[in-house]
Amino acid sequence: MPTLAEILVTSGVLSEEQRDKAHKVAAQSKCQFSEAVVKLGFTKEDDIAIALSKQYGIPYASRDNKILKAEKGQNLEKVVPENFARENFLLPLFQDNNVLAVAISDPENVLVLDNLKLLTGHEIQPFISTKTQIIKAIDEFYLGSAVIDLTLNAKEGEEEAEGVSSDDER
C-alpha cells in the first residue's frame, strides 16, 4: 500500500522537496505527517482526506459531494451520542439494516471504530472526511436535533397545560 506522502507526490499535490520538509517538521514537532503538510501550507485538509480515501479504499464524504450529512428520521442522534461524536471527530451518516455509516477523519484509529461498534451494536462502514467539515456537520446535526427536541417538548408541555386548565374549568 502506498504511503500518504507517496500518494500526495504522485498525484501532484506535493513536490518531493515539500514532502521531505514535512517529514522533518513532523518528526521535530511530534505530529502526524498530514498535520505538518497542512500547517506548512503545502496543501489543504481536503487534499489529505482525498489521498487517505485513495490509500485505504474508503469513500470520501464532504459537503460538496453531499455525502457528509446525517440521514434524517433515523434517530442517529440517539444511536451515536453527541459527546462520543465530538470526542472522536465522527458523524453518523445513515443506518442500513445492521450497518452504520460514519464519517471519520482518521481511518487509522481502529480503536474508535471498535468502540463505536461496541456502543451501537452495528457493523461500521467508514467514510473519510476532514476534521473541520465533521465538526461543522456535528454542530448542525446535533444542534438541529436539540432544537427539534425542544420544540416537541414545548408543544407537549403546552398540550398538557391546556389539558390541565380545561379540567380545572369543569
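Quick look at the numbers
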read-out: Residue ID - nearest to residue 103 (Cα to Cα), chosen from residues in segment 70-85 that are in contact with a helix residue (DSSP H, G or I) (Cβ under 6 Å, 6 or more places away or on another chain) and in contact (Cβ under 8 Å) with a residue 60 or more places away in the chain; value: 70
read-out: Leading residue by the ranking (nearest to residue 63 (Cα to Cα)) among those in segment 94-144 that are open to solvent by 30 Å² or more (accessible area, probe 1.4 Å) and assigned to a strand (DSSP E or B); value: 94
read-out: Filtered residues of segment 1-55 (kept if open to solvent by 20 Å² or more (accessible area, probe 1.4 Å), among the polar types (S, T, N, Q), under 23 Å from residue 135 (Cβ atoms) and in a loop (DSSP other than H, G, I, E, B)); value: 32
read-out: Qualifying positions in segment 1-56 - on the phi > 0 side of the Ramachandran plot and basic (Lys, Arg); value: 30
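The values are calculated or read from the model by the stated rules, or taken from the named source; none is laboratory data. These numbers were taken from a predicted model, which means no experiment stands behind them. All Cβ positions, glycine included, derive from the backbone under ideal geometry; neighbour counts span all protein chains shown. Accessible surface areas use protein heavy atoms only, side chains included; no ligands, DNA or RNA. Shrake-Rupley method; radii C 1.70, N 1.55, O 1.52, S 1.80 Å.
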